[in-house]
Structures are given as C-alpha cells and as structure tokens.
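Before any comments, here is the structure.
The values are calculated or read from the model by the stated rules, or taken from the named source; none is laboratory data. Computed from a predicted structure; not experimentally measured. Heads up, the Cβs are rebuilt from the backbone with ideal geometry, glycines too, and the neighbour counts pull from every protein chain shown.
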Amino acid sequence: MSARTQSSEAPHRAGFACFVGRPNAGKSTLTNALVGQKVAITSSRPQTTRHTVRGIVHRPDAQLILVDTPGLHKPRTLLGERLNDVVRTTWAEVDVIGFCLPADQKLGPGDKFIAKELAGIKKTPKVAIVTKTDLVDSKQLAEQLIAVDQLSKELGFEWQEIVPVSAVGDQQVSLLADLLIPLLPESPPLYPEGDLTDEPEMVMVAELIREAALEGVRDELPHSIAVVVEEMLPREDRPADKPLLDIHANVYIERPSQKGIIIGPKGQRLKDVGTKSRKHIEALLGTPVYLDLHVKVAKDWQRDPKQLRKLGF
C-alpha cells in the first residue's frame with residue numbers, strides 16, 4: 001500500500017535556473033520576489049549585479065536555486081569582459097535559462113545579441129520572462145509577447161514557455177516557479193531548509209552598502225564603485241542580550257575627484273549611505289550593527305587586473 005502511494009507521488013526536483021538579460025531587465029528584483037527576501041541588490045542603474053547570487057526557493061516538491069548573473073553587454077573595460085565570462089560560464093552549468101525582457105521597452109540590439117547566443121545553447125530549456133508588466137497596458141503587453149515569440153522563431157529555436165510577470169506587483173511570480181520546476185532534474189534538496197542564499201555574509205553586506213552608495217549619484221559613478229568589507233567582529237564586553245556587530249568597510253572609487261561625490265557636503269551623503277545600508281544589514285543578519293565606512297581611491301580599478309583581483313573580481 002505504502003509503496004503504491006510512494007510511486008503515485010511526484011518526485012522531488014532540485015536544480016539551478018539562471019536569469020539572463022541585458023542590464024536593468026528586472027533580473028535581481030525577480031530573484032528577490034521568488035525567494036521572498038532580498039538576496040540580490042537592485043538599482044535603476046544598469047550593470048548593478050557583479051556576483052552571481054544564488055537565491056534558494058524552497059517548496060515541498062522542489063528546490064529551485066536561482067543564479068542571478070550580471071547583464072550581458074558589449075564590454076568596454078576588463079571588468080566588463082570578466083562579467084560577460086561569468087554569464088557564459090553560468091549558462092553552461094544550469095538546468096534552465098530564463099531570459100528577462102522588459103515589457104515597457106521594445107526589443108533592441110542587446111536583446112537580439114543575447115537571444116542569438118542562447119540559440120547556440122541546444123540542450124538547455126529556455127523560458128522567456130516578460131518582466132515589468134505593471135508598467136504597460138494589455139495592448140502593449142500583447143505586442144511584446146508576440147515580438148518575443150517571433151524572436152525565437154527567427155533564430156530557429158523555441159521557448160519552453162513565455163511568461164509575463166510583475167515582480168513589483170507580485171503578479172504571476174509563483175506561476176513562473178510552477179513552470180520552471182518541471183524543467184529541473186529529479187533530485188533531493190541540494191541546500192538545507194531555511195537557507196535563502198549561499199553567498200557569504202561579508203559579500204552580501206558589501207553588496208548592500210554598494211546598493212545604498214549607488215542611489216542618487218551622478219551618471220558617471222555606477223561602475224566606479226566597489227565595496228570591500230574588511231572585518232565583521234562582535235563587539236567585546238557586550239551583554240548577551242545586547243550584542244553589537246562592528247563592521248568596517250571601504251568604499252572604493254577610481255579617481256580622487258569622485259571622492260567628494262560619494263562623501264557629499266559635510267559628509268552627509270556617506271552618512272545617508274551608512275544609515276540606509278545599516279537598516280538592511282541588520283535585517284539580513286538579525287543583530288544590531290555599528291557600521292564604519294571609509295572612502296578610498298583605487299586608481300582605474302576596472303581596467304587593472306591586480307586591482308580587480310583585490311576587489312574580488
């Protein structure tokens with residue numbers, strides 16, 4: 001009796017899905033919406049993601065591990081080339097690829113460039129995810145869905161699914177998970193229950209600081225900011241019921257002239273960056289935090305292999 005019950009139950013599935021798309025297509029926001037918590041940094045600035053963040057979605061029947069990659073783009077620096085290499089390596093290792101295309105922007109050369117690369121990957125199933133549907137009306141959405149369908153036909157492959165979603169409006173996000181899970185291999189869970197990401201805490205803290213630093217800076221700065229957490233130590237001599245974590249981090253920029261932009265008049269901008277990021281860090285770590293931030297110049301670090309290594313790329 002129990003053997004029959006066992007065989008009639010759907011097998012547990014677990015595997016990796018990767019979201020690709022040009023910069024600012026909504027990949028990080030979608031990752032966070034599926035996981036139900038902030039694991040990837042988001043910004044209205046393109047090229048925000050630099051690390052592949054694994055967000056883990058736990059369900060009774062499956063474990064979906066989301067790999068969020070940097071946006072594939074035409075590189076202008078050594079950093080850009082390395083980010084593109086990260087994307088291609090990731091594509092080769094996942095069980096399903098989700099291609100994010102914003103509903104509010106017509107398909108452009110960047111989308112076609114990525115779709116052409118995807119067409120060359122024969123075995124991995126590909127799902128088209130039309131993001132940001134909350135920004136368009138039904139006519140515009142229908143036109144985008146038809147254009148996305150047409151795109152794959154022109155390149156000689158078929159989407160496994162085409163799914164419109166709004167991560168911000170929480171529309172069709174769980175449907176997307178329902179459609180991705182059958183494309184994963186049968187497998188026991190790959191991560192312990194309760195784990196939401198396998199990113200080291202220091203990397204996530206650095207990313208939260210960088211996200212706050214990106215907000216409201218001038219257009220020339222987004223790529224120039226890197227953050228390294230030097231140490232995270234519990235404050236000594238604190239009672240057990242009132243812990244405090246000391247975090248010392250450096251914000252690196254490329255030129256001395258950028259220092260003033262980050263620090264702001266009378267240090268106000270840097271203070272705001274600290275206040276904003278500390279709130280997210282405390283939510284992530286579940287403990288009060290003292291955050292010590294310093295701004296340093298690492299000359300032209302995006303083009304310097306030695307500096308890139310030092311900054312974790």
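When the residues of the stretch 231-252 are filtered to those that are among the acidic types (Asp, Glu) and in a loop (DSSP other than H, G, I, E, B), the one that is surrounded by the most Cβ atoms within 10 Å (Cβ to Cβ) is Glu236. Of the residues that sit in the stretch 182-201 and are modelled with pLDDT under 75 and not in a loop (DSSP other than H, G, I, E, B), which one is farthest from Val96 (Cα to Cα)? Among residues in the stretch 182-201 that are modelled with pLDDT under 75 and not in a loop (DSSP other than H, G, I, E, B), the one farthest from Val96 (Cα to Cα) is Glu201.
Does Val295 satisfy the criteria of being within 17 Å of Glu211 (Cα to Cα) and touching a Lys or Arg at 6+ places or on another chain (Cβ under 7 Å)? Yes.
Residue count for the stretch 253-290 satisfying the condition of being in contact (Cβ under 8 Å) with a residue 24 or more places away in the chain and part of a loop (DSSP other than H, G, I, E, B): 4. Restricting attention to the stretch 105-133, the residues that are more than 20 Å from the chain's Cα centre (by Cα) and among the charged types (D, E, K, R) add up to 6.
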